[in-house]
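Asks: Quick one: the structure is below, and I'll ask about it shortly.
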Amino acid sequence: MADEPGWTRRRFLGASAVGAAGLALAGCSLDRNSSPDDAAATRDASWGGDVVEPPLGKPDVTFTTMDGKPFPFRAATAGKLTLLFFGYTHCPDQCPVYLNTLARARDAIGTGPGSKPLVLFVGVDRKRDTPEVLKTYLGRIDPTFVGLTGSEQVINEANDSLHFPPIEIGTPDAKGDYLVGHYAQAVAYTPDGKGRRLYGFDVRQQQFVHDLPRLAEGTYK
């Protein structure tokens, strides 16, 4: 399947991040070149991902965990280094690449600051991303990763509050398979509750090893 043309839905001030944010329909999701409204996302070679200024706030929503328990996002992540990623379990490439890279980075850090970030994976494909599927999927990568789900309204509200492009469910093919469009960068929230950096699937393991301890201590650039 040919890649869809790139498009920009919202103002993007950090030109260096455009290349990092571009996604393809043939892979995980629809082609996206977008960023939060009025935010400048810029890249520094000494860091992975891109710093976002002004920082992003936290969605004021309550998800549901893989165990069926409520997960009030702001309260449950208070004071914690948190990585929030929207994806889907049938993603053929970018989602698993990102999650596996992050899992290996955590192992490499071992102990100390940044070694235990709260990693949250929101399954946006509600039909297939059931709590049971999320638990199995993430358990194969890192059992400490937390899968979240919720109503379409809750997921869209969280996505929209971050000014991400809308989630799009593709048309099923003859076998019933379909792709899902979503913004495939994770938001890194430092312990002060601010979304300071964006990390795409192209971020390498060593960059996470370098960045996570500093983020845990409140440094983000």
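Asks: What's the extension gain from D173 to R214 if we count 0.36 nm per residue and subtract their Cα-Cα distance? Write out the running numbers ahead of the final one.
Replies: Numbers: separation 41, 0.36 × 41 = 14.76 nm, distance 4.46 nm.
Residue separation times 0.36 nm, minus the Cα-Cα distance, leaves 10.3 nm.
Asks: Two-decimal Rg/Rh of region 57-216 from alpha-carbon positions, Kirkwood Rh?
Replies: Rg divided by Rh gives 0.94.
Asks: Between N100 and K116, how many nm apart are label points set 7 Å from Cα along the C-beta direction?
Replies: My value for the distance between the label points is 2.7 nm.
Asks: Listed highest first by mean packing, meaning other Cβ atoms within 10 Å per residue, what order do 51-63, 108-120 come in? Show your work: numbers first, answer last.
Replies: Values: 51-63: 18.5, 108-120: 16.2.
Put in order of decreasing packing, that is 51-63, 108-120.
Asks: Compute the distribution of all C-alpha to C-alpha distances in region 154-219, in bins of 5 Å from 0, and list the percent of pairs in each, rounded to whole numbers.
Replies: The percentages, shortest bin first, are 4, 14, 18, 18, 15, 14, 9, 5, 3, 1, 0.
Asks: Please give the length that would be gained between A75 and T130 if that part of the chain were fully extended, namely 0.36 nm times their separation in residues minus their C-alpha to C-alpha distance (nm, one decimal).
Replies: On the way: separation 55, 0.36 × 55 = 19.80 nm, distance 2.35 nm.
Difference between extended and current length: 17.4 nm.
Asks: Then there's this: Taking neighbour Cβ counts within 10 Å as the exposure measure, how do F201, F208 sort from fewest upward?
Replies: F201, F208
Asks: Shifting gears a bit: How would you rank T64, T89, going from fewest to most other Cβ atoms within 10 Å of each one's own Cβ?
Replies: Values: T64 16, T89 20.
With the fewest neighbours first, T64, T89 line up as T64, T89.
Asks: Then there is this: For region 93-221, what is the charge dipole size about the Cα centre, in debye to the nearest 20, if Lys and Arg each add +1 at the Cβ and Asp and Glu each add -1 at the Cβ?
Replies: On the way: 15 positive and 16 negative charges, 96 e Å.
Dipole of region 93-221, to the nearest 20 debye: 460 debye.
Asks: Okay, moving on. For region 42-106, what does the alpha-carbon gyration tensor say about shape, rounded, prolate or oblate, given a ≥ b ≥ c as the root eigenvalues, a/c under 1.5 as rounded, and a/b over b/c as prolate? Each step should come with its number before you reach the end.
Replies: Working: a/c = 2.04, a/b = 1.18, b/c = 1.73.
Because a/c hits 1.5 or more and a/b fails to exceed b/c, region 42-106 counts as oblate.
Quick note: the coordinates plus some simple rules give every number you see, no bench work behind them. This one's a predicted model, so the numbers in the text were calculated from it and none came from an experiment. With ideal geometry, Cβ positions are generated from the backbone for all residues, glycine too; neighbour counts draw on all protein chains shown.
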